[in-house]
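**Q** What follows is a structure written as structure tokens; I'll ask about it next.
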Amino acid sequence: MSSVLRDTPFSVLDRSRVRRDPGGPEQPQGQPGGPRALRDTVALARDVEALGYHRFWVSEHHGVPGVAGSAPTVLAAAVAAATSRIRVGTGGVMLPNHRPLVVAEQFGVLESLYPGRIDMGLGRSVGFTGGIRKALGAGKDEAAEFDAQLTELLGWFTGEQTAYPQVHAWPAEGLRPQPFVLATGSGAELAAAQGLPLVIGGVRGEESMLRAVDRYRAAFRPSAWAAEPYVVLSGTVAVAATGERARRLLVPEAWSTAYSRTHGVFPALAPADAIAGRTMTGPERDRFEEAMGGHVHGTPEDVAKALESLLARSAADEFLVTTSTYDRSELLESYRLLAEVLGRAPGRVVG
């Protein structure tokens, strides 16, 4: 095993994906599996902590039938309570949807209860439909103000925000949960200007990713939050005993992505066998094949080579695994095999 794999922290993002009942309808019909999905997320956090992963993050989505994670700070609290060592955070809180003061208060509570373990991953995305954006009270104008929102949020922790004199964010002020910026749009440039760690997709569109990372490192300004640039690559990694089994792990998420792009709704995950037996339309097939590409997957040996090469080319400081699939036991086995590839000892947090 190379020193690159051995020395790089690996972390996990779980999106609390809803799973369709095996005999249920293919089209989205509400979210009956939401509570199970949230419990699955907490259980997975305990499992990957035992496997030696560095962080465990949860996400924020609103009005999506296939995703149960709509309140990331609440879910992060449940994850932190169920674990003892692994860092816990968000990937991310979408700042345009929230008042910075409230976000600071929420993370202040988390950092107070679980000191030294809380990450504050922040993004600029808003709801994916007009109705959701209206319900959230956040649209494209708010997304354009991400830099100012980020500055205000960080100021609540340092006591340096100037927009609201004599107002304090208790218990956040003086605390330091670790912030990260998700690289959507101009995220890399904002992370560099604010002196914050960067999270960026590391598998699809590799050349554009490498250029963005170079710009980030060149423009980085040290801050009270980070003295040096810190790059977290993110992407799907699927590991199994054979290449075909690893590829099957990708099928449920790829089909949900294809369905969303051809029908406008992101559905619950379906079993790989049910998808294999489906007759797809031409556009569905094109989108499905596109969604199946651009991932790291295969046998442990194949995955080790691919990750070593990617990490060497990017000089990334960390890798965030974002895999989703229908069968949670197969997902956990993938994480177990990956931990073996990385030389992680069960029960040991690395990084």
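The values are calculated or read from the model by the stated rules, or taken from the named source; none is laboratory data. Everything numeric in this text was worked out from a predicted model, so none of it was measured. Using ideal geometry, Cβ is built from the backbone for each residue, glycine included, and neighbour counts are taken over all protein chains shown. Remember, those area values only see protein heavy atoms, side chains included, never the ligands or the DNA or RNA. Shrake-Rupley method; radii C 1.70, N 1.55, O 1.52, S 1.80 Å.
**Q** Among the listed residues 151, 162, identify the single one that is closer than 21 Å to residue 106 by Cβ and either over 19 Å from the mean Cα position of the chain (by Cα) or part of a loop (DSSP other than H, G, I, E, B) (or both).
**A** Only one candidate qualifies: 151.
**Q** Being among the aliphatic types (A, V, I, L, M) and open to solvent by 40 Å² or more (accessible area, probe 1.4 Å) narrows it down to one residue among 138, 82, 163; which is it?
**A** Among 138, 82, 163, only 163 is among the aliphatic types (A, V, I, L, M) and open to solvent by 40 Å² or more (accessible area, probe 1.4 Å).
**Q** Please verify whether the stretch 203-215 includes one or more residues that are in a loop (DSSP other than H, G, I, E, B) and touching an Asp or Glu at 6+ places or on another chain (Cβ under 9 Å).
**A** no
**Q** Right, next: Show the residue pairs that are 6+ apart or on different chains and have beta-carbon atoms under 8 Å apart, the first residue being within the stretch 116-128 and without any contact (Cβ under 8 Å) to a residue 60 or more places away in the chain, the second being among the charged types (D, E, K, R) and outside any strand (DSSP E or B).
**A** Here the result reads 117/85; 126/133; 126/140; 126/142, each pair linking the stretch 116-128 to a residue that is among the charged types (D, E, K, R) and outside any strand (DSSP E or B).
**Q** A follow-up question, please. Could you give every pair whose Cβ atoms fall below 6 Å, whose first residue belongs to the stretch 278-291 and is over 16 Å from residue 253 (Cβ atoms), and whose second residue is surrounded by 14 or more Cβ atoms within 10 Å (Cβ to Cβ), counting only separations of at least 6 or pairs across chains?
**A** Qualifying pairs under 6 Å: 283/262.
**Q** Pick out, from the stretch 16-129, the helices (runs of 4 or more DSSP H) lying fully within it that include 2 or more residues that are within 23 Å of residue 233 (Cα to Cα).
**A** Answer list for the stretch 16-129: 34-50, 72-82.
**Q** Before we move on, is residue 220 within 30 Å of residue 306 (Cβ to Cβ), touching a helix residue (DSSP H, G or I) at 6+ places or on another chain (Cβ under 7 Å), open to solvent by less than 30 Å² (accessible area, probe 1.4 Å) and touching a residue at least 12 places away in the same chain (Cβ under 8 Å)?
**A** Against the criterion (within 30 Å of residue 306 (Cβ to Cβ), touching a helix residue (DSSP H, G or I) at 6+ places or on another chain (Cβ under 7 Å), open to solvent by less than 30 Å² (accessible area, probe 1.4 Å) and touching a residue at least 12 places away in the same chain (Cβ under 8 Å)), residue 220 qualifies.
**Q** Taking residue 262 as the residue in question, decide whether it is in contact (Cβ under 8 Å) with a residue 12 or more places away in the chain, among the hydroxyl-bearing types (Ser, Thr, Tyr), outside any helix (DSSP H, G or I) and under 23 Å from residue 205 (Cβ atoms).
**A** Spelling it out, it is not the case that residue 262 is in contact (Cβ under 8 Å) with a residue 12 or more places away in the chain, among the hydroxyl-bearing types (Ser, Thr, Tyr), outside any helix (DSSP H, G or I) and under 23 Å from residue 205 (Cβ atoms).
**Q** For residue 189, are the conditions met, namely being in contact (Cβ under 8 Å) with a residue 12 or more places away in the chain, touching a Phe, Trp or Tyr at 6+ places or on another chain (Cβ under 8 Å) and either assigned to a loop (DSSP other than H, G, I, E, B) or not polar (S, T, N, Q) (or both)?
**A** Yes, satisfied.
**Q** The conditions are (1) open to solvent by 40 Å² or more (accessible area, probe 1.4 Å); (2) closer than 24 Å to residue 198 by Cα, and residue 303 fails exactly one of them. Which is it?
**A** (1)
**Q** Checking residue 297 against (1) in contact (Cβ under 8 Å) with a residue 24 or more places away in the chain; (2) open to solvent by 40 Å² or more (accessible area, probe 1.4 Å); (3) in a helix (DSSP H, G or I), which test does it fail?
**A** Every listed condition holds for residue 297 apart from (3).
**Q** I need the full set of residues from the stretch 324-333 which are assigned to a helix (DSSP H, G or I) and either closer than 27 Å to residue 207 by Cα or open to solvent by 50 Å² or more (accessible area, probe 1.4 Å) (or both), in order please.
**A** 329, 330, 332, 333
**Q** Determine, yes or no, whether residue 102 is over 24 Å from residue 189 (Cα atoms), modelled with pLDDT of 95 or more and β-branched (Val, Ile, Thr).
**A** Spelling it out, residue 102 is indeed over 24 Å from residue 189 (Cα atoms), modelled with pLDDT of 95 or more and β-branched (Val, Ile, Thr).
**Q** Next up: Report yes if some residue within the stretch 277-295 is more than 22 Å from the chain's Cα centre (by Cα) and among the small types (Gly, Ala, Ser); otherwise report no.
**A** For the stretch 277-295, residues more than 22 Å from the chain's Cα centre (by Cα) and among the small types (Gly, Ala, Ser): present.
**Q** Keeping to the stretch 314-323, report how many residues are open to solvent by 10 Å² or more (accessible area, probe 1.4 Å) and either in a helix (DSSP H, G or I) or in contact with a helix residue (DSSP H, G or I) (Cβ under 9 Å, 6 or more places away or on another chain) (or both).
**A** Going through the stretch 314-323 one residue at a time, the tally reaches 2.
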